[in-house]
Every structure is written in structure tokens, then in C-alpha cells.
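Notes follow once the structure below has been shown.
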Amino acid sequence: MERDPQAYVVSADRGQRASLTLPDGTQVWLNSHTHITYDSDYGKKERSVLLSGEAYFEVAKDKKHRFIVKAGDLEVEALGTAFNVKAYDEDKELTATLFEGSIRAVAENETAVLSPDQHVRFDKASRRLFIEKPTNSSYARMWRNDELAFDGETLSEIAVLLNRIYGVNIRFASENIKDYKFYGVIKNNSLENVIELISLTVPILYEIRQDTIVLSENLK
């Protein structure tokens with residue numbers, strides 16, 4: 001009598017990161033507030049993992065067994081490749097960015113095949129899949145080197161990211177500033193340094209109150 005497969009879960013809590021090697025030699029890096037699940041029968045028929053959060057994969061080559069990442073409504077299939085998948089429950093979209101090889105992404109009966117330096121984006125509201133070639137595809141994996149890369153994210157979106165990384169709450173004293181956008185790369189060293197650098201190019205003032213940061217409009 002065969003036993004039901006056992007599930008293995010590897011997690012990275014808020015403010016932490018983790019890495020693991022799957023049984024086939026595939027390397028996986030987990031960003032903050034992320035967990036990945038795979039069964040004890042991994043690799044027998046196919047290589048399948050469940051992802052919630054963000055992870056970077058360097059997939060071991062195995063032509064006989066498909067490698068699949070199931071991330072919410074998005075499914076990404078790869079053969080011998082390096083790619084990043086971002087699939088947080090609270091985000092408005094799911095994305096996969098390809099760096100080497102090829103991947104096939106499937107969502108809502110739509111299929112997209114990517115070439116290196118492209119990414120696929122699944123919009124949860126419209127239920128549509130989009131293929132794009134970002135200006136800086138490398139931004140998608142800079143988190144592995146403790147760098148924060150922004151390409152026009154709003155302060156509201158950045159607030160969610162900072163909560164994941166630092167466990168801090170961002171409070172907006174003014175609704176006007178939530179849609180301000182920030183561009184640039186920040187070496188991820190201290191929370192105060194990140195906020196200070198953002199405030200140099202975005203007209204905001206900030207006040208740190210223990211585990212809360214209050215952002216207000218700089219009217220000067």
C-alpha cells in the first residue's frame with residue numbers, strides 16, 4: 001500500500017530570506033514573507049512546487065520531468081532555466097521574469113512563452129496575461145543581493161514592500177502622496193536610509209515612531 005506523499009514547507013518570515021536545494025539540485029531563493037511547498041514524491045512524475053510570495057529559481061536540467069511553479073492563478077513551466085516569480089496574495093498582479101532559457105506561463109486558459117529578459121504579468125482584476133520586455137529586467141532579482149530596485153512603483157506599493165522586509169507599518173498623513181512614484185536602486189541596509197533616500201527625490205517628510213513610519217506631504 002502506497003503512502004500519501006508528505007508535504008515539505010520552507011518559509012522566510014517578514015524581514016528574513018531563505019534558500020534551499022530541491023531533491024533534483026534545483027536552487028531556490030526565497031524573499032521575505034514567502035513560503036514554498038513540495039511533496040515527498042517530487043521528481044517521480046514531475047517536479048512541482050507551490051509558491052506564495054517571491055522566489056528566484058535556477059532549475060536543474062531534466063528533460064524527462066517537467067518543472068512547474070504553481071503560484072495562485074499563474075502556472076510557470078520551465079526546462080533548465082533561471083527565472084523569478086512574484087506572487088504575493090495581497091498584490092494586484094502575479095509576475096514571472098525570465099533570465100536564461102525559456103518558460104511557459106499559463107493563466108485563465110491563456111499561454112505565454114517567454115524569451116530571456118521578458119516578463120509575463122497576470123492582472124488579477126482583468127484576468128488577463130501580458131508579455132512585456134521591461135527596461136531593467138535585472139531589477140526583478142536584485143533583492144537577492146540586498147538591493148531594492150524601483151521602476152515607478154507608487155509609495156502605496158512601496159509601503160507594502162517595506163512592511164514585508166522590515167515589519168514596519170507605513171501610515172500616510174496625506175492621501176495625496178500615495179500615488180507618488182519612485183525610480184532608483186537602493187542598497188538595502190537600514191530602513192531609515194531607505195526612507196531618507198526616497199524623500200530626497202519624492203516631496204515627502206517622514207517621522208519614525210517605533211514600528212510605524214508616518215509619511216506626510218512636503219509643501220516647501
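Consider the candidate values (1) 33; (2) 24; (3) 28; state which one is percent of Cα pairs over 30 Å apart computed from the structure displayed.
(3)
At 0.36 nm per residue, minus the direct Cα-Cα distance, what do T135 and N169 gain on full extension? Give it in nm, one decimal, please.
9.2 nm
In nm, to one decimal, how far is the L219 label point from the S19 one, both placed 7 Å along Cα→Cβ?
Label at L219, label at S19, 5.0 nm between them.
Okay, helix-only estimate at 222 nm for the chain: each DSSP H run of n ≥ 4 adds -39500 (n - 2.57), divide by all residues, round to 500 deg cm²/dmol; what do you get? If you can, show how the numbers build up before the last one.
Details: 2 runs with 23 residues, N = 220.
Helix contribution divided over all residues of the chain: -3000 deg cm²/dmol.
Tabulate in residue order the Karplus-calculated ³J(HN,Hα) for segment 62-76, using 6.51 cos²θ - 1.76 cosθ + 1.60 with θ = phi - 60°, rounded to whole Hz; enter x for Gly and Pro.
7, 5, 8, 10, 5, 10, 10, 10, 9, 10, x, 7, 9, 10, 10
Suppose every K and R has +1 on its Cβ and every D and E has -1 on its Cβ; what is the size of the dipole of the chain about the Cα centre, in Debye to the nearest 20? Mind dumping the intermediate values first?
Values: 28 positive and 35 negative charges, 72 e Å.
For the chain, the charge dipole is close to 340 debye.
Once amide H atoms are placed 1.01 Å from N in the peptide plane, what residues at a sequence separation of 5 or more from S102, or on another chain, have their amide H within under 5 Å of its amide H?
Amide H to amide H, under 5 Å and 5 or more residues apart or across chains, S102 pairs with L79.
Beyond 20 Å between alpha-carbons counts as too far, so tell me which of K63/K124; K61/K124; K45/K70; K70/K187 fall in that bin. Walk me through the intermediate numbers first.
Numbers: K63/K124 32 Å; K61/K124 31 Å; K45/K70 16 Å; K70/K187 30 Å.
From K63/K124; K61/K124; K45/K70; K70/K187, over 20 Å: K63/K124; K61/K124; K70/K187.
Given the Cα-Cα distance of N176 and D62 and 0.36 nm per residue of separation, how much length would full extension add, in nm? Don't skip to the answer; put the middle values down first.
Details: separation 114, 0.36 × 114 = 41.04 nm, distance 5.14 nm.
Taking 0.36 nm per residue and subtracting the Cα distance, the gain is 35.9 nm.
Points 7 angstrom from Cα along the Cβ direction at D73 and E100: gap in nanometres?
With each label point 7 Å from Cα toward Cβ, the separation is 3.3 nm.
So what's the angle, to the nearest 10 degrees on a 0 to 90 scale, between helix 155-166 and the longest Cα principal axis of the chain?
Result, in degrees: 70.
Every read-out reported here was derived from the displayed coordinates using simple, explicitly stated rules and does not represent laboratory data. Just so it is clear, the model here is predicted, and its values are computed rather than measured. All Cβ positions, glycine included, derive from the backbone under ideal geometry; neighbour counts span all protein chains shown.
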